[in-house]
1. Restricting to the stretch A:11-33, name every residue that is without any contact (Cβ under 8 Å) to a residue 60 or more places away in the chain and closer than 21 Å to residue B:104 by Cβ.
2. For the list (1) at the interface with another protein chain (Cβ under 10 Å from one of its Cβ atoms); (2) out of contact with any strand residue (DSSP E or B) (no Cβ under 7 Å at 6 or more places or on another chain), I need the number of the one condition that residue A:26 fails.
3. Restricting to the stretch A:87-112, give me the number of residues that are at pLDDT 85 or above and either part of a strand (DSSP E or B) or more than 8 Å from chain B (Cβ to nearest Cβ) (or both).
4. Tell me, which strands (runs of 3 or more DSSP E) lie completely within the stretch A:26-77 with 2 or more residues that are surrounded by 13 or more Cβ atoms within 10 Å (Cβ to Cβ)?
5. Find all pairs meeting these conditions: Cβ atoms under 9 angstrom apart; at least six residues apart or on different chains; first residue within the stretch A:34-60 and more than 14 Å from chain B (Cβ to nearest Cβ) and under 17 Å from residue A:110 (Cα atoms); second residue surrounded by 14 or more Cβ atoms within 10 Å (Cβ to Cβ) and at pLDDT 90 or above.
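The values are calculated or read from the model by the stated rules, or taken from the named source; none is laboratory data. Since the structure is predicted, the reported quantities are computational estimates derived from the model, not experimental observations. Cβ coordinates were reconstructed from backbone atoms using ideal geometry, including for glycine residues, and neighbour counts include every protein chain displayed.
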C-alpha cells in the first residue's frame, strides 16, 4: 500500500511569511500530485495539482515536483491568516482507476 | 458546477447499531466514488473506492462486511457502518471523481455513544 509522508506535521508562520510544505510518495506509479486544503470544520477543497517535473505557480502558491524522488512541495508566499488550514497531499496513481491516498497533512497556522 | 452532497451531516448512534450515509454528485457524472474517514486526530483514511459496474476495492483494515457500499448509478453512492463502535467515530467523506479531479462532500460526522 502506498505511503504518503507529509512534513512538517504542523507549521506556524507569521503573516506575510513564507510557508513551505513537503510531501513524498512511496509509489513509483504516481502520475499526479494533488494538494488539497481543508479549513477547520470544512471539507477538503482542491488547491493545485502538478503532473510534470518542475514548478507551477498560481498566485501566491507555488508547487514543485521532482518525479525521480517522488517529492512535491507547496510554497505559500505572503501568507495570510486565511491560509491557516490543514494541507493534504494526494498522489494519484495510474493503473485504470485513479485512487488518491492522502497523507496525514500539515497543519498550517498563520498568525497576524 | 460540480457539487457533492452528503447526508446526514451529523448522526449519533448507539454502540453496536448501524447507520447509513449517502453521497450524491450533482452537475456531473461520477464514475468513481471514494469513501474516506477522517479521525478526530485528523488522519485521513481511504476506506474504499467504488466504480460503477466494477467490484468495490476496499483498503487494508476496511471490509465489505463492516462498511458495505452501494453505487447503483453515476450520481449516487451509499455506505453503511455496521455495528458501530467508538473507534468508528469520525468524519466520513465522500469524494466523487470527475476525471482525475475529486470533489468532496461536506461529510457525515458520526458520533458513537
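1. A:33
2. For residue A:26, the failing item is (1).
3. 12
4. In the stretch A:26-77, the matching strands (runs of 3 or more DSSP E) lie at A:30-38, A:45-50, A:61-66, A:71-76.
5. Close Cβ pairs satisfying both conditions: A:60/A:75; A:60/A:76; A:60/A:77; A:60/A:79; A:60/A:83.
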